[in-house]
Amino acid sequence: MSRSGLSVALLVLMAVNARAQRLQLELRPKVGDTVRMRLDQVTETSGSRKGAAPKVSVTTMRMFSRAIVESTDQATALILAVTDSVDVTSTDEHARALGREVVRQLEGRSMRLRLSPDGTVGVVQKTLEVPKEVSDLVSVMPASFPRDSVSVGDSWTREMPIARGSSLGAPVGGIVRANFHLDSLSRGGDVAYVSMQGTLEQKPAPATSEATLSGSVNGSMVVNRRRGWLSESRFLVQMRSTVTGKTAAGAPSVSPMQFRMKITQHMRVFDKRP
């Protein structure tokens, strides 16, 4: 066999072995580890009504934070999450005012979280006052990882409830149904690459509901299995909603308001602050 033929055969064998290898995808950080993270998020919103010009705004947020692993057991890890700095800018005056409030409430604050191996996060103790919106968001973080072992090519499904008026700005309650897929592994299996596609659907609502909701969620995650933590994640959320005002008699009072929101989020871990 030629050298090139041997190389191709080895690559095929490696691919077959990766698919045959079964592993447990989970988050199990080590006691004493400090994970430093940078989160960049861009939120684009637009609202329009028939006969009126659409109103568009773009808000960007950059946040540096740390996750300090205080203790672990077989079921969970106790994490002290510290927000070191937050920067928010916006093209909208009202959003800029909200951004200043977000910075005031988050910067320098900390809270204790309990992290399960499947990725579920819950608030244990707030060391300082933390905005309710932050606690609500953390408390409904979905289990991203499967309960059973998987191999390359396997998929699994998870759901996450979205409360009305949550940080996503949903006018009605919704559900994110996400399908995760283990795309590939690094040599040795220390790094796993996971993709995700999902839908945002409105919870069953009465016929008199004044709002509708739909959308999509797409993203990817890089899991450092040796460290027991995510190395990087990217998510794109696109949401559409229609809100109709009602008169006292129940008839539409004005033409429906169409809202669109696009959230682009990128999180990455670094060893030292750049």
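The values are calculated or read from the model by the stated rules, or taken from the named source; none is laboratory data. The structure displayed is predicted, hence computed values, not measured ones. Ideal geometry is used to build each Cβ from the backbone, glycine not excepted, and the neighbour counts take in all protein chains shown. When the accessible area is computed, the model is the full protein with side chains, heavy atoms only, and any ligands, DNA or RNA have been set aside. Shrake-Rupley method; radii C 1.70, N 1.55, O 1.52, S 1.80 Å.
Taking the criterion of being over 20 Å from the mean Cα position of the chain (by Cα) and of a type in the set (Val, Ile, Thr), the residues of segment 77-93 that qualify are THR89, THR91.
Only a single criterion out of (1) in a strand (DSSP E or B); (2) modelled with pLDDT under 90; (3) basic (Lys, Arg) is not satisfied by ARG234, namely (2). Any residue at all in segment 189-205 that's surrounded by 15 or more Cβ atoms within 10 Å (Cβ to Cβ), modelled with pLDDT under 90, among the aliphatic types (A, V, I, L, M) and touching a strand residue (DSSP E or B) at 6+ places or on another chain (Cβ under 7 Å)? Looking for residues that are surrounded by 15 or more Cβ atoms within 10 Å (Cβ to Cβ), modelled with pLDDT under 90, among the aliphatic types (A, V, I, L, M) and touching a strand residue (DSSP E or B) at 6+ places or on another chain (Cβ under 7 Å), one finds at least one in segment 189-205, hence yes. Checked against the criterion of being of a type in the set (D, E, K, R), open to solvent by 50 Å² or more (accessible area, probe 1.4 Å), within 25 Å of VAL31 (Cα to Cα) and at pLDDT 90 or above, segment 85-105 has no qualifying residue.
Only one entry in ARG62, ARG109 is modelled with pLDDT under 90, charged (D, E, K, R) and in contact with a Leu (Cβ under 9 Å, 6 or more places away or on another chain), namely ARG109. HIS181 meets all of the listed conditions (1) at pLDDT 95 or above; (2) part of a loop (DSSP other than H, G, I, E, B); (3) of a type outside the set (S, T, N, Q) but one, namely (2). Being at pLDDT 80 or above and over 16 Å from ARG268 (Cα atoms) is true of LYS30.
Could we say that VAL150 is at pLDDT 85 or above, hydrophobic (A, V, I, L, M, F, W, C), under 27 Å from ALA75 (Cβ atoms) and in contact with a Leu (Cβ under 8 Å, 6 or more places away or on another chain) here? Yes, satisfied.
Residues in segment 47-76 that are surrounded by fewer than 15 Cβ atoms within 10 Å (Cβ to Cβ) and either in contact (Cβ under 8 Å) with a residue 40 or more places away in the chain or within 30 Å of ARG240 (Cβ to Cβ) (or both): how many? Of the residues in segment 47-76, 12 are surrounded by fewer than 15 Cβ atoms within 10 Å (Cβ to Cβ) and either in contact (Cβ under 8 Å) with a residue 40 or more places away in the chain or within 30 Å of ARG240 (Cβ to Cβ) (or both).
With respect to VAL86, is the statement that it is of a type in the set (A, V, I, L, M, F, W, C), in contact with an Asp or Glu (Cβ under 7 Å, 6 or more places away or on another chain) and in contact (Cβ under 8 Å) with a residue 40 or more places away in the chain true? Step through it out loud before you land on a result.
Working: of a type in the set (A, V, I, L, M, F, W, C): yes; in contact with an Asp or Glu (Cβ under 7 Å, 6 or more places away or on another chain): yes; in contact (Cβ under 8 Å) with a residue 40 or more places away in the chain: no.
Considered against the rule, which asks whether it is of a type in the set (A, V, I, L, M, F, W, C), in contact with an Asp or Glu (Cβ under 7 Å, 6 or more places away or on another chain) and in contact (Cβ under 8 Å) with a residue 40 or more places away in the chain, VAL86 comes out as no.
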